[in-house]
């Protein structure tokens, strides 16, 4: 009883909690995915803003280079002076008609300075192969191409050398092509100057770190207060716009920011709610369990009390019954002489009622033994019909007074092994029920049949009968059919239950058979022929 | 076509120079803040085959009558990476705060600190409210990596806000470790230094302790014509800061551009110790700053094809342009040098200019020490030891001949280096000592003894 109760309570508690947890987790997962997407979008927007800063810086740098290139000149001394003094360009170049280099003056190799020679080493291939001069302005499809048109149609040429980005700004003017090779460290320094400091992040990025990464994966500059762990993967990254397209911006969220953005707070809230709910449900379950346990304890105390009382009653009752029967025998013997009718009747009543009380006590004790799995059989050799007859004899006076005719068709005359007390108890219960509820039928038919090691007894009355629903429940303990007929009739409600239990203990069963009028019970018992035991 | 026009111009100029030389004698020119002196290693050259000779161009900063000085625009860039924790950062902050005392309210100061990331602690501002700047410096705390390039970039950005040719624009960089965020090769930092120098910004680098990259720090300083200091003990920072600020307040001229135009039968070979451009007959060099009571040199090696004995030979015209910070005007000084062909070798030797000869030996000694250092870098320990020993002997013998104590000191220094190439730990320190010494030599800057 108790393990079952615990199992049911556990189910009642755990199933809803599990369902809530699952639904919650699913909702969380969806919410988190949404937030992640939103977070990613937001960060990407921030990085785009940074990229815009870079673009403005590059544009400013371009303006400065253009300022240094203008007014356009072919004068070598002037170009050298500009190269010597330019903070932004490491070398200027001029290509003449047919794309020949005019400056640095390659035609006069012995006049070249060391810097010019090195510059030509860096860029020779570009001039020799016409990488810039063969490009037509209108054929360029740079993403920021439209911006170029605004400032003298100057354009970037980008290539890679010495593990890094190299840039040349060039512009065509008539037959000539003027170019400036960028001082790339200076460009980077200018970009860094325009980029934020440690704490100057956008509020959304404040807890993370942004890195500018060059084409070989080297961090050029970092900002933001939270240093990511070594080897951490960026949460968001984006390429820098042209001409620095080989560079990229990486954003590393600090765990707290990522956590907040990705809803670890959400998880916490949900978990807390769930735990509270679980605690509530558990407390409720525990309360019910304790109530139930207390009730059951009380019930079992009552049962044990009744049991004890029954036990206490049993011995005096047995004595009363025995002496009443002795008295009855004596009186009957005397009656034959003196015809003392009333005395005989009084004794009959005492005997019958004491038998009924014995049966009742027997039922109670059987029931409580059955609860404790302590029922056992004491088979003895005997004849079933004799026992039936004895029981019917006991009931004869009662039936007679209620005008009930007993119709017994004996069919089990062979000696066999069975527990007569058990049979007596079952039949007593059935007969008692007829007396109490079905006396109106006016007849009690009892038939017995014996075949091999089975005995079958049918008890049929012509009373009001039982409905199908009632029929299903009459064997439940403490069930009593409630209707006009049963009103005012006493009973414990355990008679049929204990009878069926005893029948099953005896290797058979007690069932209610369908019939048109009244109730028809069939008792079967396994009774091996005597001596075969 | 253009070239032939130019050579025609040279011939004209050469003729003119002879005239100029005879007018301005002995070769020199001055205004109120600088004095230009052009000297030959010897006024005589042995007639006959082409001879190697040295031209020393000296520019001396003159002290002003008034105590006035040019206002400063200084960016202090402090390393606050994890390795600076403790005494180092405390001393650095103390030194920086103490240095502020030397400044005037109209000087502009900015303070930048860097670790993995960079902070502009004090944006460029006139030093009206000293207290705020001091407090800001005091709050700097050390942790993290070393974004040296970012720090210098931001510092330069602050300087640029008030970049003014009439201010002394200086970036003071302190680092104790290897740059590990952003560009970190000496070449890249040198390129940045060159760019800054062209805008009139000099970068002074202070290497603290034994773990910084001295090549990067000297390279950056050299490219921008700033100073370089090796400070082993953080407690010396205050005096180094003081020295640097002392320099900054003694600048009388800046943006010095030197052009040397060699005569026809003179071929420029190379410039000793510093970056310069040689283009045909022209030599271009620049210095960022000129300090009062100090002389800075440019040493040019030339090959002269002398004429017949007795003939006076034009060697070069020198033109120096600069910004006079006292008058806030651009000035140009011109001078030139001549030699006379002589038949007698003894006479040439007798007339030798001892000062120039010492400077030549010093520069060559520095070059050879640098070569020895490179050998040691390549792991050629024995060859490096021999190179240092040879250099020591070279300096020692010249010190004897020229009777110069400074050369003898350098001989001792090289001899010490030769003994330390074996031991990695000792060499790590010695290399920094050597780099600092060689840097000072190559700066070609000496206190001008009043003549």
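Just for region B:222-237: of the residues that are closer than 17 Å to residue B:296 by Cα and in contact with a helix residue (DSSP H, G or I) (Cβ under 7 Å, 6 or more places away or on another chain), which one is surrounded by the most Cβ atoms within 10 Å (Cβ to Cβ)? Explain how you work it out, then say what you get.
Of region B:222-237, the ones closer than 17 Å to residue B:296 by Cα are B:222-228.
If we keep only those that are in contact with a helix residue (DSSP H, G or I) (Cβ under 7 Å, 6 or more places away or on another chain) too, we end up with B:222-225, B:227-228.
Working: B:222: 24, B:223: 23, B:224: 28, B:225: 25, B:227: 23, B:228: 24.
Top of the filtered list is B:224.
Take region A:92-135 and flag every residue that is touching a helix residue (DSSP H, G or I) at 6+ places or on another chain (Cβ under 6 Å) and within 14 Å of another protein chain (Cβ to nearest Cβ).
A:92, A:101, A:103, A:104, A:105, A:108
Scan A:43, A:28 and give me the residue that is more than 14 Å from every other protein chain (Cβ to nearest Cβ) and under 25 Å from residue A:211 (Cα atoms). Talk me through it step by step, then tell me what you get.
On the way: A:28 fails: under 25 Å from residue A:211 (Cα atoms).
So the residue among A:43, A:28 that is more than 14 Å from every other protein chain (Cβ to nearest Cβ) and under 25 Å from residue A:211 (Cα atoms) is A:43.
Right, residue B:163: touching a strand residue (DSSP E or B) at 6+ places or on another chain (Cβ under 7 Å), within 11 Å of chain A (Cβ to nearest Cβ), touching a residue at least 12 places away in the same chain (Cβ under 8 Å) and in a loop (DSSP other than H, G, I, E, B) or not?
yes
Of all residues in region B:181-220 being within 11 Å of chain A (Cβ to nearest Cβ) and part of a loop (DSSP other than H, G, I, E, B), which is farthest from residue A:186 (Cα to Cα)?
B:181
How many of the residues in region B:238-256 are over 17 Å from the mean Cα position of the chain (by Cα) and crowded, with 24+ Cβ neighbours inside 10 Å?
1
For region B:139-173: of the residues being within 16 Å of residue B:88 (Cβ to Cβ) and out of contact with any helix residue (DSSP H, G or I) (no Cβ under 7 Å at 6 or more places or on another chain), which is surrounded by the fewest Cβ atoms within 10 Å (Cβ to Cβ)?
Only one residue fits best here, namely B:141.
Out of all the residues in region B:93-116, which are within 12 Å of chain A (Cβ to nearest Cβ) and in contact (Cβ under 8 Å) with a residue 60 or more places away in the chain?
The one that is within 12 Å of chain A (Cβ to nearest Cβ) and in contact (Cβ under 8 Å) with a residue 60 or more places away in the chain: B:116.
I need the full set of residues from region A:167-187 which are within 10 Å of chain B (Cβ to nearest Cβ) and touching a helix residue (DSSP H, G or I) at 6+ places or on another chain (Cβ under 7 Å), in order please.
Across region A:167-187, the qualifying residues are A:183, A:185, A:186, A:187.
Need a quick list: strands (runs of 3 or more DSSP E) entirely within region B:257-374 having at least 1 residues that are within 18 Å of residue B:59 (Cα to Cα) and within 21 Å of the chain's Cα centre (by Cα).
In region B:257-374, B:266-272, B:282-291, B:294-304, B:312-324, B:329-342 are the strands (runs of 3 or more DSSP E) which contain 1 or more residues that are within 18 Å of residue B:59 (Cα to Cα) and within 21 Å of the chain's Cα centre (by Cα).
Could you tell me whether any residue of region B:141-158 is under 22 Å from the mean Cα position of the chain (by Cα), facing chain A (nearest Cβ under 8 Å), free of Cβ contacts under 8 Å to residues at least 60 places away in the same chain and part of a helix (DSSP H, G or I)?
Looking for residues that are under 22 Å from the mean Cα position of the chain (by Cα), facing chain A (nearest Cβ under 8 Å), free of Cβ contacts under 8 Å to residues at least 60 places away in the same chain and part of a helix (DSSP H, G or I), one finds at least one in region B:141-158, hence yes.
Exposed (fewer than 13 other Cβ atoms within 10 Å of the Cβ) and outside the structural domain of residue B:211 (by TED's automatic domain parsing): is that true of residue B:404 in this structure?
no
Looking at region A:79-101, which of the residues that are touching a strand residue (DSSP E or B) at 6+ places or on another chain (Cβ under 9 Å) and over 19 Å from residue A:66 (Cα atoms) is surrounded by the most Cβ atoms within 10 Å (Cβ to Cβ)?
Per the criteria, the residue is A:101.
The values are calculated or read from the model by the stated rules, or taken from the named source; none is laboratory data. This structure is a prediction, so every number in the text was calculated from the model and none was measured. Using ideal geometry, Cβ is built from the backbone for each residue, glycine included, and neighbour counts are taken over all protein chains shown.
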